[in-house]
Amino acid sequence: MSNNLNPHTYCENLLIRKRFPTKEISIGSLKLGGEQPIRVQSMTTIDTMDTEGSVNQSIRLIEAGCELIRITAPSKNEAENLGVIKKILNDKNYTTPLVADIHFTPNAAEIAARLIEKVRINPGNYADKKKFEEIEYTDATYHAELERIESKFTPLIKICKQTMVHYLIEF
């Protein structure tokens, strides 16, 4: 079998498991990728503004073996509260990295990137409001749309580089 993989293929052989080589990164104190083991992550299901509930649920996840905690931040308020949740966890000696799960709200992502270890976004809805409509694009409107998305996305990248926060783009 060829070493040149189709980027849409998830494995070389369905019968022989082999990890793809990746670059190792650090998310807080957690090392991910490279030769590191596969990491366990989960996501809280409680309202992020319920600080005590979010902390308690995060602790239960950590004590169950979770190594990365995803918490949704649909608005600026929730993003700001991630810093409070992180501080309380750290005060209780829990240092498991937190991940802000962001959709539709660039300003929330920018806040979260200054407060916690990782930001997870979906570029398909990052710069848009919660309205789903089909749009017919001309070449000119398509390029204008790309420029609009870039103008919303670039500030997050700059903040992540400054604060050493990792961001995950999911398609």
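Remarks
- Qualifying residue in the range 162-171 (condition: out of contact with any strand residue (DSSP E or B) (no Cβ under 9 Å at 6 or more places or on another chain), assigned to a helix (DSSP H, G or I) and either modelled with pLDDT of 90 or more or closer than 28 Å to V55 by Cα (or both)): yes
- Per the listing I159, I116, I102, I121, the residue uniquely under 23 Å from T48 (Cβ atoms), touching a Ser or Thr at 6+ places or on another chain (Cβ under 9 Å) and surrounded by 14 or more Cβ atoms within 10 Å (Cβ to Cβ) is I102.
- Qualifying position, being of a type in the set (A, V, I, L, M, F, W, C), more than 21 Å from K23 (Cα to Cα), at pLDDT 95 or above and in contact with a Lys or Arg (Cβ under 8 Å, 6 or more places away or on another chain), among I159, I59: I59
- The listed residue being free of Cβ contacts under 8 Å to residues at least 40 places away in the same chain, of a type outside the set (A, V, I, L, M, F, W, C), touching a Pro at 6+ places or on another chain (Cβ under 8 Å) and farther than 25 Å from E52 by Cβ, out of Y126, Y142: Y126
- From the list I71, I38, I59, I46, the one residue that fits, being within 25 Å of F153 (Cα to Cα) and either surrounded by fewer than 17 Cβ atoms within 10 Å (Cβ to Cβ) or touching a residue at least 12 places away in the same chain (Cβ under 8 Å) (or both), is I71.
- Residue-level check: of (1) outside any helix (DSSP H, G or I); (2) surrounded by 18 or more Cβ atoms within 10 Å (Cβ to Cβ); (3) hydrophobic (A, V, I, L, M, F, W, C), L82 misses just (1).
- From the options G33, G65, G53, residue that is under 27 Å from F20 (Cβ atoms) and over 19 Å from the mean Cα position of the chain (by Cα): G65
- Every residue from the range 1-56 that is polar (S, T, N, Q) and modelled with pLDDT of 80 or more: T22, S26, S29, Q36, Q41, S42, T44, T45, T48, T51, S54, N56
- Hits in the range 14-35 (condition: surrounded by 10 or more Cβ atoms within 10 Å (Cβ to Cβ) and either in a strand (DSSP E or B) or touching a residue at least 40 places away in the same chain (Cβ under 8 Å) (or both)): I25, S26, I27, G28, L30, K31, L32
- Scanning the range 117-135 for residues that are among the charged types (D, E, K, R) and at pLDDT 85 or above returns E117, K118, R120.
The values are calculated or read from the model by the stated rules, or taken from the named source; none is laboratory data. These numbers were taken from a predicted model, which means no experiment stands behind them. In this analysis, Cβ positions are derived from the backbone assuming ideal geometry, glycine residues included, and neighbour counts consider all displayed protein chains.
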